[in-house]
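These notes concern the structure reproduced below.
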Amino acid sequence: MNGLLKIIFYSLSSLCLVAEANVIDYKLASWNMQGAQSGSGSNSKWIAGVTGMFTRNGMDIVALQETGAVPTTANSLPVIAGQHPEIERRIPHADRQVPMTSLDGGVATPINPGQQGVIKDKVREYLWNLGSSRRASDVYIYHFDFGRQNAASRINIAIASRIRADEVIIVPPMTSGNNARPTLGIRIGNDYFFSLHAEASGSHGNNEAPQIVQFINNYMTQ
């Protein structure tokens, strides 16, 4: 598995792209939402911010950090046969679970017990229609939910994509502590995209972004 590693840094949050395609084949963005549900309804950052990235700015993939809960209008995938016929009509294999690969290693934390990999159940796939029932405008959300009850949770992380992923990759946390985050990735064909959010400071006085990037690089060059 060999790929070209390209990284776009946005402060402590970043979008990491490993691609065989040219980077300009995709319109990419990264956004630290600082708690998505700081507003409700139309003031939700999913509605007020993420929607426009796709509908106005034409983004293909957006890496999101500190995402809180997913938008309330997003439907969990896979769907149960007959439950959402309109989704089944327009989305091939909507009843199938996207394959998930949770990588072992990293640092042992409550979400990465025994360094055996992040618990897969904490990552879900959603379908979010930004259009209408007659003119759908679908976005797929791949969302890691730490399990906090607060909808504005800043621990959660996600990737939103116009294209459904062929695989989800979960990179274990590289630092200790109850708030240590994983890195979330998706594969589309031979192209890989990762949303990462390093801590402001780690046990050695600096954040773990270099370790995350090195881990991804090692995985991609296996």
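For PHE194, PHE146, what ranking results if the residue with the fewest other Cβ atoms within 10 Å of its Cβ goes first? Intermediate values should be presented prior to the final figure.
Details: PHE194 23, PHE146 18.
With the fewest neighbours first, PHE194, PHE146 line up as PHE146, PHE194.
Using 0.36 nm per residue of separation minus the Cα-Cα distance, give me the extension gain between ILE80 and SER137 in nm, one decimal. Before the final figure, lay out each step's value.
On the way: separation 57, 0.36 × 57 = 20.52 nm, distance 2.12 nm.
That works out to 18.4 nm of additional length.
Return the aspartates and glutamates within reach of LYS45: Cα separation strictly under 12 angstrom, same-chain partners fewer than 8 residues apart disregarded; answer none if there are no such residues.
GLU66
LYS122 label point, 7 Å along Cα→Cβ, cut-off 18 Å on backbone N: hits in the stretch 65-107?
65-70, 100-107
Cα-based Rg (one decimal) and Dmax (whole number) for the stretch 50-116, in Å?
When restricted to the Cα atoms of the stretch 50-116, Rg and Dmax are 16.7, 44 Å.
Readers should treat all values here as calculations from the given coordinates under stated rules, not as data from a laboratory. As the structure is a computational prediction, the values presented were derived from the model and not from experiment. No Cβ is skipped: glycine too gets one built from the backbone with ideal geometry, and neighbour counts run over all protein chains shown.
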